[in-house]
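Colleague: First the structure, which I've put down as structure tokens, then a few questions once you've had a look.
Read-outs: derived from the displayed coordinates by stated rules, not from any lab. Just so it is clear, the model here is predicted, and its values are computed rather than measured. Backbone-built Cβ (ideal geometry, glycine too); neighbour counts: all protein chains shown.
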Amino acid sequence: MTRSFLSSAGLALCWMLSPEALGILGNNAGRSGIMIFVALTIGALLSLFTIAMIHDPAITKRDSSLTCLAAVAGLLPAMTLTLASRLGLALFLPTGMLVTAGFTFNETFVYWFPNFAFSFLLLAIVLTLHLAGERVALLAQPFFVGLTMSCLVLLCLAGLIGSPEETWSTEIQTGNPLSLSLHVVFTALLLFLGYDQPGSALFSGSRVQYIVPLMAGFILLALWGFVSLKHVPRAKLAASTIPYSISAREIFGQPGRVIIGVAVISGTCGLVNGLFLLAERSLRHMADYISPLPPFRAAYNGRILPVIFSVCIGIFMAAGLAGSDKLKIFIYGALLLWLVQVGTHCFAAASRLHKQQKSCRYRYLLVAVFPLAVLWLACRGEHATALVVFFFLALAVSAACSAGWVWYEGKRPNKTIQDSQGDLP
Amino acid sequence: MNKILAFLIILLVATTPLLAASVQKMDKDVLKSLLGSENLLILDVRQGRDWITSEFKIKDALRVDDGDLSVAKTYPKESTFVLYCA
């Protein structure tokens with residue numbers, strides 16, 4: 001039971017504690033200063049309400065994310081959104097994170113070891129775990145995330161005890177305060193994603209497996225933001241592309257560099273493993289729902305998906321996608337699509353609960369926050385047009401795949417697809 | 001057919017270092033000794049994540065976008081141009 005809880009927590013925390021999330025946190029802490037704590041608190045509270053809604057026992061006992069979405073929006077839009085968000089995350093975020101881990105290993109630990117070779121080595125390790133079976137990958141997840149957490153806790157403690165050379169009250173030019181505050185709050189909402197993953201069957205109907213990791217992540221991110229602001233001037237944090245490394249170095253010197261290096265590598269493994277599991281489970285659930293397979297075929301598919309993901313990521317890395325500025329857009333686009341998916345799931349859950357006479361106005365207010373956040377984050381970014389193009393392309397490709405899948409299955413007698421013409425259960 | 005293929009592979013392997021040899025390599029100690037000297041231009045040609053996630057960024061190096069080396073034209077021909085790519 002403990003192992004199952006730790007696996008669930010490890011999955012929920014995989015993005016929150018990843019190097020990319022720490023980088024976003026560091027930049028925003030630098031830009032907004034003390035406001036980051038208010039934003040993190042609001043982000044955590046909104047995430048908490050979202051967990052309460054999408055994991056409401058009245059919904060989870062009969063619906064999954066896909067069926068809940070399909071019942072409200074229809075089968076094809078539900079499949080399209082799920083495919084676009086899960087595949088974007090499983091392909092682009094790992095590509096960027098593995099390259100980051102490769103550079104970290106090369107620059108922190110072994111100078112002569114090629115960074116790309118290390119990135120491929122990590123990818124091979126994660127793939128091996130998945131080939132060994134979902135159980136093995138789930139067992140490894142708490143280890144990766146636990147190691148990252150331990151490193152961050154150690155650095156936070158050192159940062160709290162140590163006295164910095166510079167104070168954290170340095171002011172920087174940040175522009176319109178209201179615009180900045182909204183940006184930081186919406187970014188905080190993005191940082192806490194991960195609670196929408198399918199939970200452990202052992203805790204079916206319980207929201208504890210999502211709330212505890214969210215609270216742990218909130219405390220750790222807030223502490224990390226605090227020690228970063230305490231030890232590093234705001235302007236430096238805001239401008240850096242690797243604020244976590246700078247904070248670690250300022251807090252603990254060379255040992256700090258080594259500790260954050262371990263955190264980056266284990267965090268990357270946790271993220272890649274976690275996102276593979278998230279995508280794999282979502283796609284398998286979709287397959288089970290639309291075209292139920294015999295158990296041996298399902299097990300085979302569970303292993304083939306990580307192979308496909310790994311081959312695609314390997315091609316992206318070998319083709320130099322990491323060296324292109326486009327990867328930044330793809331990663332940000334994939335994260336925003338994740339937010340869209342959670343927002344739509346939230347709307348579907350609110351609608352389902354409303355139908356079950358569990359009416360509560362705050363639910364629809366919460367649902368409104370997600371499109372606002374996505375619009376704000378997409379339009380205020382430096383690559384707004386490119387992001388919109390990415391959204392449309394991702395959704396168009398997913399819609400085409402979903403339509404092809406439904407058309408193929410529609411040729412065979414299939415109760416799910418016939419039912420989807422009307423209202424799903 | 002196999003012999004031709006083998007010959008082409010050997011030719012490619014043999015000529016690649018020769019082509020690369022036209023650009024001199026500089027180790028970090030030599031570069032350190034040159035830092036601060038006049039007519040030294042360091043161009044950081046790393047792109048995307050290669051640059052973003054690297055901890056090592058040389059002070060005063062100019063970052064070049066998309067391989068655009070036109071900035072080098074503004075320096076005298078006698079200058080030492082250092083391209084930092086990894």
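Colleague: Which links in B:K25/B:K77; A:K236/B:K25; B:K32/B:K59; A:K326/B:K73; A:K236/B:K59 stretch past 22 Å when you go from one Cα to the other?
Modeller: A:K236/B:K25; A:K326/B:K73
Colleague: Let me ask something else about it. Could you give the DSSP H helices of chain A that reach 20 angstrom or more along their long axis (alpha carbon positions) and whose average Kyte-Doolittle hydropathy is no lower than 0.0?
Modeller: On the way: long enough: A:35-54 (28 Å, 2.48); A:75-108 (48 Å, 1.09); A:115-131 (24 Å, 2.08); A:134-161 (41 Å, 1.79); A:177-191 (21 Å, 1.91); A:208-231 (34 Å, 1.49); A:243-290 (54 Å, 0.61); A:295-318 (35 Å, 1.24); A:326-355 (43 Å, 0.83); A:361-380 (29 Å, 1.19); A:384-410 (38 Å, 1.56).
Span-like helices here: A:35-54, A:75-108, A:115-131, A:134-161, A:177-191, A:208-231, A:243-290, A:295-318, A:326-355, A:361-380, A:384-410.
Colleague: What relative contact order, as a whole-number percentage, does region B:23-84 give when Cα pairs under 8 Å and 6 or more residues apart are counted? Show your work: numbers first, answer last.
Modeller: Working: 50 pairs, mean separation 29.5, N = 62.
The value is 48 percent.
Colleague: Which cross-chain or sequence-distant (5 or more) residues have an amide H under 5 Å from the amide H of A:C14, H modelled 1.01 Å from N in plane?
Modeller: The list, which skips near neighbours in sequence, is empty: none.
Colleague: On to the next question. Could you grab the relative contact order for chain A? Cα pairs under 8 Å, six or more apart, rounded to a whole percent.
Modeller: Relative contact order here is 35 percent.
Colleague: With loop defined by DSSP as not H, G, I, E or B, and exposure as at most 14 other Cβ atoms within 10 Å, which is the longest segment of chain A clear of exposed chymotrypsin sites (Phe, Trp or Tyr not before Pro)?
Modeller: On the way: sites that count: A:F109, A:Y111, A:W112.
The segment A:113-425 is the longest one with no such site.
Colleague: On a straight-distance basis, which aspartates and glutamates could pair with A:K230 in a cross-link, Cα separation under 16 angstrom, same-chain partners fewer than 8 positions away excluded?
Modeller: Hits, sequence-local ones excluded: A:E165, A:E166, A:E171, A:E250.
Colleague: Given H placed on each backbone N at 1.01 Å, which residues far from B:Y84 in sequence or on other chains put an amide H within less than 5 Å of it?
Modeller: B:L43, B:D44, B:V45
Colleague: Report, in whole Å, the centroid distance computed from the Cα atoms of region A:232-257 and region A:60-86.
Modeller: 41 Å
Colleague: I need the GluC sites (Glu not before Pro) found in region B:35-85, filtered to DSSP loop residues with at most 11 other beta carbons within 10 Å of theirs.
Modeller: Sites meeting the loop and neighbour criteria: B:E38, B:E78.
Colleague: Additional query: With n ≥ 4 as the cut-off for DSSP H runs, can you work out [θ] at 222 nm for the protein assembly as shown, using -39500 (n - 2.57) per run divided by the number of residues, rounded to the nearest 500?
Modeller: -24500 deg cm²/dmol
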